[in-house]
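Beneath this line is the structure, given in structure tokens, with notes to follow.
The values are calculated or read from the model by the stated rules, or taken from the named source; none is laboratory data. Note that this is a predicted model, so its numbers are computed, not measured. Please note: Cβ atoms are built from the backbone with ideal geometry, for glycine as well, and neighbour counts cover all protein chains shown. Keep in mind that these areas ignore ligands, DNA and RNA; they rest on the heavy atoms of the full protein, side chains included. Shrake-Rupley method; radii C 1.70, N 1.55, O 1.52, S 1.80 Å.
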Amino acid sequence: MLNALTIDLEDWPQAVLDPSLPITDHVVGNVDRLLTLLDKHSVRATFFALGKVCERHPQLLPRIQSAGHEIASHGYGHELVYRLTPRPFEDDVRRSIEIIGSQTGQRPLGYRAPAFSITRESLWAGPILANLGFRYSSSIFPIRKARYGIHDAPRIPHRWGNCDLVEFPLATLRVFGCHVPVCGGGYMRLLPWWVHAQAIGSMNAGGHPAVVYLHPYELASDEVGVFRRAGLRFSTRRRVMQSLWRSRMPQRLSRLFDAFRFAPITQVLEAISLSRSSPTVSAAVPGPAAAALPMAASPTYAAT
Ligand SMILES: [Zn+2]
């Protein structure tokens, strides 16, 4: 079973602390480190590229593309979708499409919302993405969390209910009826190995791919401390949560690549057949009927 490996191509201070901060040069070395690791394991991934990063470092996308990876869009400025209105959102995504096109000669087929910010409040983004030519999104985390997530969204790839778009939700582990976030970012660093192995193994056993995500900066074990010493201000809690056990990432990723098969999302999309009975995400369209539209859950979803 092919699983999807996805990388959010972004720079830590701008993406995590404040979207108005400049893109630093750290991202270049971090990408090099990640490309080397992926090449060593002959693993190809989908890179969701942030327009601002590509603009600042135009050499990155051609390098990633020539290594055989898929280039998709992470938008331009890393603004949270649910804090935007449809027009600025569309402008942001269009800008990223133009930059990616000019640097790779290709139009991206996939989109990931910054910080998984497609929630129930921002499902209007789907039809905009479909109209812009995207075939898939990987923006919904089917978990209950304050800043993001649609806790009762399907855990497996499914079609959006309000547009022609396939959603690849981030991997979760089902524990006592709850969805636990796994296999990505801080969850990948901080949770024990068996949690990730169990999550991917159980999804694959049910015939479904898992979507794993990471950021190039997670391979830079000393980076957060460097930024703090350079004068960036953030809480001690954030420093610990963002940097703890980054040093274990190369080993953890190597173990992951040895244990499971990974590919870019477009390849996974080809490999799976999405039947018409796939669960759908209902559209939060304006109007009195919106509240009556339930989130569909399929027997397959409930069984995984
Ligand atoms: Zn991001």
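Things worth noting here:
- A P(r) calculated from all alpha carbon pairs of the chain, with 20 Å bins opening at zero, reads 35, 61, 4 percent.
- Residue among ASN131, VAL31, GLY149 farthest towards the positive dipole end of the chain, charges placed on Cβ: GLY149
- Values of log10 I(q)/I(0), in the order q = 0.17, 0.23, 0.27 Å⁻¹, for segment 158-200 under a Debye, Cα-only, solvent-free model: -0.55, -0.77, -0.89
- You can think of it this way: the chain between ARG233 and GLU90 has 48.3 nm of extra reach, that is 0.36 nm per residue less the Cα-Cα gap.
- For the chain, the share of accessible area belonging to carbon and sulfur comes to 52 percent (1.4 Å probe, ligands and nucleic acids excluded).
- Each Cα pair under 8 Å and six or more residues apart adds its sequence gap; the mean of these over the residue count of segment 76-181 is a relative contact order of 22 percent.
- Under 16 Å from a label point set 7 Å out along the Cα-to-Cβ vector of ASP25, the amide N atoms of segment 52-71 belong to 56-60.
- Computed over the chain, the per-residue total of -39500 (n - 2.57) for DSSP H runs of n ≥ 4 gives a 222 nm mean residue ellipticity of -10500 deg cm²/dmol, rounded to 500.
- Share antiparallel - DSSP beta bridges, the chain, percent rounded to 5: 20
- In a DSSP loop and with at most 12 other Cβ atoms within 10 Å, the trypsin sites (Lys or Arg not before Pro) in segment 167-255 are ARG233.
- About its Cα centre, the chain has a charge dipole of approximately 760 debye under the convention of +1 per Lys or Arg Cβ and -1 per Asp or Glu Cβ, with nothing else charged.
- Principal axis extents of the C-alpha atoms in segment 154-280 (largest first, rounded to whole Å): 54, 33, 32.
- Over segment 2-303, relative contact order from alpha-carbon pairs under 8 Å, at least 6 apart, %: 22
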